[in-house]
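Every number here is computed from the coordinates shown, using simple stated rules; none is lab data. For clarity, every value in this text was computed on a predicted model and none was experimentally measured. We place every Cβ from the backbone using ideal geometry, glycine too, and count neighbours over all the protein chains shown.
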Amino acid sequence: MSKASLVVLISGSGSNLQAVIDAIENKALDAEIKAVISNKRSAFGIERARQANIDTHIIDHTQYPDRQSFDQAMIEIIDPLQPDLVILAGFMRILSDMFIDHYWHRLINIHPSLLPKYKGLNTHQLAIDNKDKIHGASVHYVSHELDSGPVVIQAEVPVLDTDTAESLASRVLKAEHVIYPMAIRMHIEGRLTYNRDQLNLDGQPLTEPLIWKNAQLSGYTTTRHDE
Ligand code: GRF
């Protein structure tokens, strides 16, 4: 089987991008990142991509008259690369329906909350303010409504009495770096599919997200390529 092609969209630090780069390097993912696209020139993720010899593109959204034309500029970079999966990794722009339809079933995102809780921003502070005992992150396919597509996997992270939004965010981020490569792997191996509006894992409907907690994944075990 040939390597899967990935394109990663970022706006910032790119630590999730790094987790994908690392998973490829240590052979947990049989894939190649064909390009990293950032809407921000200052995104540190661009530097991470360069270090890994990945093609980078800055597409500055402020240079486009509207969302549609910005998204079209991204499509013109992405389409020739024929990616199996387009990965949003801290990409901070709302995508047009046109873009989402174009990559439907192969567009994935990670969001720092246990969706459907806390869509949008400030999720860590909201979890603390609401005295949640458990917070976390979710990987989901992208649908038209923000942070609302079907959830594949969630990482549960306990909220400590002493947590600030920053301390909680940093523990959630570490969990993100585990679950995002897992979900990407299930997709590129063809085990996870999103057809019409149905998620399937190994041919069975996935009606509840997989849960990663205490360093274990419920309902599924991954095997390494080299085993
Ligand atoms: C992560 O918390 C992710 O869930 C959210 O944006 C953040 C990106 O972090 N969508 P990084 O750029 O991958 O370090």
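Under DSSP H, which helices of the chain have Cα atoms covering 20 Å or more of the helix axis and a Kyte-Doolittle average no less than 0.0? Can you show the working numbers first?
Working: long enough: 165-188 (33 Å, 0.40).
Those that pass (Cα extent of 20 Å or more, hydropathy at least 0.0) are 165-188.
All C-alpha to C-alpha distances of the stretch 137-218, sorted into 5 Å bins beginning at zero, yield P(r) values of 3, 14, 23, 22, 18, 11, 5, 3, 0 percent in whole numbers.
Please state the charge dipole magnitude for the stretch 111-227, taken about the Cα centre, from unit charges on C-beta atoms (+1 on K and R, -1 on D and E), reported in debye and rounded to the nearest 20.
Details: 11 positive and 15 negative charges, 12 e Å.
Roughly 60 debye for the stretch 111-227.
Three semi-axes describe the equivalent ellipsoid of the stretch 1-124; taken as square roots of 5 times the Cα gyration tensor eigenvalues and ordered largest first, they are 21, 18, 16 Å. Shape of the stretch 85-156 from the C-alpha gyration tensor: prolate (a/c of 1.5 or more and a/b above b/c, with a ≥ b ≥ c the square roots of its eigenvalues). Springs between Cα atoms under 10 Å define the GNM used for the chain, and in it the highest mean-square fluctuation of Leu85, Leu206, Leu107 occurs at Leu206. The stretch between Glu208 and Ser42, if pulled fully straight at 0.36 nm per residue, gains 56.0 nm over its current Cα-Cα span. Remark: the Asp101-Glu25 segment gains 24.2 nm on full extension, using 0.36 nm per residue and subtracting the alpha carbon distance.
Taking the Cα centre as origin and putting +1 on Lys and Arg beta-carbons and -1 on Asp and Glu beta-carbons, what dipole magnitude results for the stretch 1-103, to the nearest 20 debye? Don't skip to the answer; put the middle values down first.
Working: 9 positive and 14 negative charges, 70 e Å.
Once rounded to the nearest 20, the dipole reads 340 debye.
With both labels modelled 7 Å from their Cα along Cα-to-Cβ, the Gln198 to Ser218 distance reads 2.4 nm. Here the chain is treated as a sphere whose radius is the Kirkwood value from Cα pairs; by Stokes-Einstein at 20 °C and 1.002 mPa s it diffuses with a coefficient of 120 µm²/s.
If the chain between Ile75 and Glu166 were fully stretched, how many nm would it gain, using 0.36 nm times the residue separation less the Cα-Cα distance? Intermediate results must be reported in sequence, preceding the final value.
On the way: separation 91, 0.36 × 91 = 32.76 nm, distance 3.43 nm.
In short, 29.3 nm is gained.
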